[in-house]
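Just so you know, all these numbers are worked out from the coordinates, no wet-lab data involved. Just so we're clear, the structure is a prediction, and the values are computed from it rather than from any experiment. Here the Cβ positions follow ideal geometry from the backbone for every residue, glycine too, while neighbour counts run over all protein chains shown.
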Amino acid sequence: MALEKTLSEIHDQLVEQYAEIAQLAGGLAHEIKNPLSTIRLNIELMAEDLAEGDSPQDRRVLRKIDIVKRECLRLEELLNDFLNFARAHKLELEPLNVNTQLRETLDFFRPRAVETGIEVIEYYGNNLPTVMLDKRSFHRAILNLVLNAQQAMPEGGQLVVRTRTVGDRVAIDLIDTGCGIEPETIKHLFDAFYSTKRGGSGLGLPTTRKIIEGHGGLIALQSEPGFGTQFTIILPSLKRLRETGD
């Protein structure tokens, strides 16, 4: 009994320390964004001042300024991804229809799908139970998966989005006809800062998993190199959540 109590106390201390570190890291990232935005703004103003110059020196300076601008933007994107990851556990849940939320996200993605030659095929289950969702975070999680699918199909392809019931839970399948994922890569796919993409933050899928788990759900994937990938999300229904709480 004493050992169990000690282990419980250690666990609570570790959770508290992790929360404190996460808060400090999030605060630091937020503070870095402000001066970084100022740097980028002033770099853009410098570029405007030099835009009319046509000397070799002016052109060399402008090329260097362009490099600094790109790196500033990359850092801002990394910081935004990190802040999204740090905030993924802060959910404001409300009873929502999964089909409706998916349609809204896919409507948002559709112009890019048309531009990149991706056909989005939707199959929505009937009479799905209501799910407690954080609307903004759920949108971000699904969008991360959809954008991953798009990047896996550089020559175009098909993305199937399907909803169904699994017992008293709701399942979402996202199936692409892309290049697939190697087994060794799958092992690390949800690790923070792991990325196979040049310039990627490696936080998209870890953030997605954190959001889904924050909803009491789980995410799994199956993939075959050369044939495509399927992500499956399973979420508890409002009915199940109530039964669990009773």
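The table for this structure:
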quantity: Mean Cβ neighbour count within 10 Å, used as a protection proxy, ranking 64-72, 170-178, 224-232 highest first; calculated: 170-178, 224-232, 64-72
quantity: Cβ-Cβ FRET estimate between residue 36 and residue 136, R0 fixed at 30 Å, reported to 0.05; calculated: 0.80
quantity: Net +/- balance of residues flanking residue 40 in space, Cβ distance below 9 Å, scoring K and R +1, D and E -1; calculated: -1
quantity: Dipole-positive endmost among 131, 152, 141 within segment 119-165 (Cβ charges, Cα centre); calculated: 131
quantity: In order through segment 101-118: 3J(HN,Hα) via Karplus (6.51 cos²θ - 1.76 cosθ + 1.60), integer Hz, x for Gly, Pro; calculated: 5, 5, 4, 5, 5, 5, 4, 5, 7, 4, x, 5, 4, 4, 4, 9, x, 9
quantity: Pairwise Lys count, segment 94-245 - Cα closer than 20 Å, eight or more residues apart or different chains; calculated: 4
quantity: For residue 189, residues with placed amide H under 5 Å, excluding near neighbours; calculated: none
quantity: Environment charge of residue 229, counting only residues whose C-beta is closer than 12 Å and scoring Lys/Arg +1, Asp/Glu -1; calculated: -4
